[in-house]
Structures are given as structure tokens and as C-alpha cells.
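The values are calculated or read from the model by the stated rules, or taken from the named source; none is laboratory data. Predicted, not measured: the structure shown is a model, and the values here were computed from it. Using ideal geometry, Cβ is built from the backbone for each residue, glycine included, and neighbour counts are taken over all protein chains shown.
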Ligand SMILES: [Mg+2]
Ligand SMILES: [Zn+2]
């Protein structure tokens, strides 16, 4: 069966507490109601994915094995609350990294849409209703590049990013919400519908 409803959620600052570069699974701490938000999206028929820029790999702060363990911890905590992320897609690149292998101007680093496109191919998705939630302007741009409805959350870098957006000249999200939970609720209620 084709998937038509899809939610792409940022990881750090959106699902789990922003702590700078996370390098160990023990640092993963879900925001209150983050799992409930994912479950709400699941129940509304959305396939939910994590979509995460992880330039710490290109910068040499941690490696792919570390990241696999960290992402597994995020999935484990969500699964424990019956919330289903199908997969966490990540971009390990950065144009100015320290590890040559990952130092590249790629098409997957948000606001590029490479990670979403990979998810759509792998999971046979034809997006008709798309939702993107994140705490950075690049998340909003990523969502707009996909033709999805977007929410910026106040958690993580969201507050500061909202101030920049309010100053003008930047794309505005459809919804600005205190957390992933409120963002999911508002987007599902059609608030901010284009
Ligand atoms: Mg983030
Ligand atoms: Zn990339």
C-alpha cells in the first residue's frame, strides 16, 4: 500500500533535548510528550521519520557507529511509549568538515531534500499530505522545499530562530508551537493550512 501521509521530524531540539553535539546514547532525553506527539501522528495515519543533520560526523566529533547507537536509543525510548518512527535518516556531511570522507556540499543536508527523497523511495511514499517539524530555520526551509506544511517549535534553537523570522526576510512556518506535541496537534487540526 502506498504511503501518502508523511511527517518528517527533526531530532535534536525537537524530539530530544538540545544539548549541543550529542556523542553518546546516554545524552538522549526525550522532551515531555514527544513520544505522545509521534503516537498522535501515527494514529492519524502518518508515516513518521526522523530527519537529522549530523555534521558532527564530518567535524570528527563522533563516528557512524556512535550515531547508530544514539539513534537506536532515540528509537528505543519512543518504542517504549508505543511511538513509531520508521527510521531516522541523517546527513553526516558538512562543506567545511575535518573528516575528508564527509566533507562535501551534499544534497541531503537540510534545507536540502535528499533525506526526505531517500525516505520516499525506500518506503514507497507518494506524499500528498506532508508535515515537517523542527527547531531551526533550515527545517522550515526543508519543509517548504518539499511542499509540506511546517511547524517551528520553541524548544531547542526555536526561540532564537523565531526572533530572526519575526525580523523579516525569512520563510515563516505555518505554525509556531511550544513543542512537538502542540505542533503535531495544530498541524493535524489543519491550523496553518495553506
Ligand atoms: Mg534541531
Ligand atoms: Zn549530506
Of all residues in the stretch 121-137 being out of contact with any helix residue (DSSP H, G or I) (no Cβ under 9 Å at 6 or more places or on another chain) and in a helix (DSSP H, G or I), which is surrounded by the fewest Cβ atoms within 10 Å (Cβ to Cβ)? 121
Working only within the stretch 1-20, note down all residues that are assigned to a loop (DSSP other than H, G, I, E, B) and either surrounded by 15 or more Cβ atoms within 10 Å (Cβ to Cβ) or within 16 Å of ligand 2 (Cβ to nearest atom) (or both). 10, 11, 13, 14, 15, 17, 18
Could you tell me which of the residues 110, 193 is in contact with a helix residue (DSSP H, G or I) (Cβ under 9 Å, 6 or more places away or on another chain) and modelled with pLDDT under 95? 193
Would you confirm, using the coordinates I've provided, whether residue 92 is buried (at least 18 other Cβ atoms within 10 Å of the Cβ), at pLDDT 95 or above, within 16 Å of ligand 2 (Cβ to nearest atom) and over 12 Å from residue 24 (Cβ atoms)? yes
Selection count, the stretch 99-115, where residues are surrounded by 15 or more Cβ atoms within 10 Å (Cβ to Cβ) and in a helix (DSSP H, G or I): 3
Tell me, yes or no, whether the stretch 145-161 has at least one residue that is within 15 Å of ligand 2 (Cβ to nearest atom) and either buried (at least 20 other Cβ atoms within 10 Å of the Cβ) or not in a helix (DSSP H, G or I) (or both). no
Taking the conditions exactly as written (farther than 24 Å from residue 1 by Cβ and within 16 Å of ligand 2 (Cβ to nearest atom)), does residue 101 satisfy them or not? yes
Which residues, counting only those in the stretch 88-117, are within 18 Å of residue 139 (Cα to Cα) and either in contact with a strand residue (DSSP E or B) (Cβ under 6 Å, 6 or more places away or on another chain) or in contact (Cβ under 8 Å) with a residue 40 or more places away in the chain (or both)? 88, 89, 90, 91, 108, 109, 110, 115, 116
Being away from ligand 1 (no atom under 16 Å from the Cβ) and closer than 21 Å to residue 68 by Cβ is the filter; apply it to the stretch 101-120 and report the residue that is farthest from the chain's Cα centre (by Cα). 101
Could you look through the stretch 12-23, keep only residues that are more than 17 Å from residue 184 (Cα to Cα) and touching a helix residue (DSSP H, G or I) at 6+ places or on another chain (Cβ under 7 Å), and pick out the one that is farthest from ligand 1 (Cβ to nearest atom)? 23
Checking the structure you have, find out if any residue of the stretch 38-53 is farther than 23 Å from residue 130 by Cβ, out of contact with any strand residue (DSSP E or B) (no Cβ under 8 Å at 6 or more places or on another chain) and in contact (Cβ under 8 Å) with a residue 24 or more places away in the chain. no
